[in-house]
Structures are given as structure tokens and as C-alpha cells.
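J.: Just dropping this structure here.
The values are calculated or read from the model by the stated rules, or taken from the named source; none is laboratory data. Computed from a predicted model, the values in this text were never measured in an experiment. FYI the Cβ positions are ideal-geometry reconstructions off the backbone, even for glycines, and counts take in every protein chain you see. Surface areas here come from the heavy atoms of the whole protein model, side chains and all, with no ligands, DNA or RNA. Shrake-Rupley method; radii C 1.70, N 1.55, O 1.52, S 1.80 Å.
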Amino acid sequence: FLSFDFNDYNRFTFKKFWQGICNLKIKDLAYFTVYLFGGWFFYFFSRFIIALSLGLSLSFTDIAIISASIAIVSTLPISIAGLGTREAVVIYFFNIFGLSLEIATVFSLLILAIDLAVVSFGLIPYYRESALINRAKTYEQ
């Protein structure tokens with residue numbers, strides 16, 4: 001099912017990583033760049049749709065700036081799933097735009113719900129692959 005050797009699975013080195021980067025072709029880089037920008041566009045667009053559904057009068061650029069700030073702050077390892085830090089950023093920016101605390105909290109919780117829903121789609125393949133890896137490791141012993 002999977003086309004890589006499980007014996008080499010845990011032997012990741014910087015040298016292999018750098019070799020992989022050096023072996024990339026221009027076509028691959030262009031593909032990755034388009035994929036990156038497309039992903040960020042849909043990320044911002046989903047938040048813009050949430051803002052529109054709440055009747056907020058924020059532009060796409062405003063939502064993109066708020067969303068990028070949320071993404072950066074949510075990665076700080078001071079909370080679980082960015083709870084609290086995301087809300088603080090949303091409340092701060094919404095306060096700048098003159099929007100209420102309640103709307104900021106609803107917007108933030110809707111973002112959390114959508115993020116959890118999107119991430120949950122990856123659980124089935126993740127559990128499937130980790131079961132295959134564990135079976136392969138058991139088979140080695």
C-alpha cells in the first residue's frame with residue numbers, strides 16, 4: 001500500500017532533507033507555490049465568508065490581516081488549539097474596527113469549529129497509516 005521502506009522511516013537527517021530540496025525542479029517549485037497561494041486564498045476566503053455571514057462590514061484585506069495574525073498567534077505553545085490566544089487577537093482587531101466583543105467571540109469560535117472540522121478529515125488516513133507503521137514495526141521484531 002505505501003511505497004516506502006519502514007526501516008528507514010525514523011532515520012531522517014538534515015542531509016536527506018537538503019538533498020530533497022536540491023533535487024526539486026522549477027516545475028515542482030511552481031506547483032508548490034501555486035498550491036501555497038491557493039491554500040492561503042481559501043483559508044482567508046473561508047474566514048471572509050464567516051464575516052459576511054455574521055454581517056460584518058470588513059473587507060477581504062482586513063480579514064486576511066486578522067486571519068494571518070490569528071494563525072501566527074495560534075501557533076504559540078501557550079494554549080491548546082489556540083484557545084484564548086485566538087480570541088484575544090480577534091477581540092483586539094475587532095475593537096480597532098469598532099465591533100463588539102460578542103461578535104468577536106462568535107467569529108473566533110466559528111473559526112475554531114471550522115478548523116476542527118477540516119482537521120478531522122485527516123484523522124482517518126492518519127490512523128490508517130500509523131496502524132500500518134506499527135504493524136510493520138511489530139513485524140520487524
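J.: Which entry in (1) 45; (2) 55; (3) 58 matches percent of Cα pairs over 22 Å apart derived from the coordinates of this structure?
T.: (3)
J.: So, by mean Cβ neighbours within 10 angstrom, what's the order for 35-47, 117-129 with the highest one leading?
T.: Values: 35-47: 13.3, 117-129: 9.8.
Listed from highest to lowest mean packing, they are 35-47, 117-129.
J.: In the chain, which helices (entire DSSP H runs) extend 15 Å or more along their own long axis, judged by Cα positions, while averaging at least 1.0 on the Kyte-Doolittle scale? Walk me through the numbers before you get to the answer.
T.: Values: long enough: 26-53 (40 Å, 1.16); 60-74 (20 Å, 1.89); 85-96 (17 Å, 0.94); 101-120 (28 Å, 2.20); 123-140 (25 Å, -0.57).
Helix filter hits for the chain: 26-53, 60-74, 101-120.
J.: Continuing with this model, one more query. Using a 1.4 Å probe and ignoring any ligands, DNA or RNA, find the accessible area of S79 and quote it in Å² to the nearest 10.
T.: Answer for S79: close to 40 Å² accessible.
J.: Just want to confirm a number: the relative contact order over the chain, from Cα pairs under 8 angstrom separated by 6+ residues, in percent. Before the final figure, lay out each step's value.
T.: Working: 59 pairs, mean separation 25.2, N = 141.
It rounds to 18 percent for the chain.
J.: Report the paramagnetic label zone for S57: residues of the stretch 93-127 whose backbone N is under 17 Å from a point 7 Å from Cα along the Cα-to-Cβ axis.
T.: 94-101, 103-104
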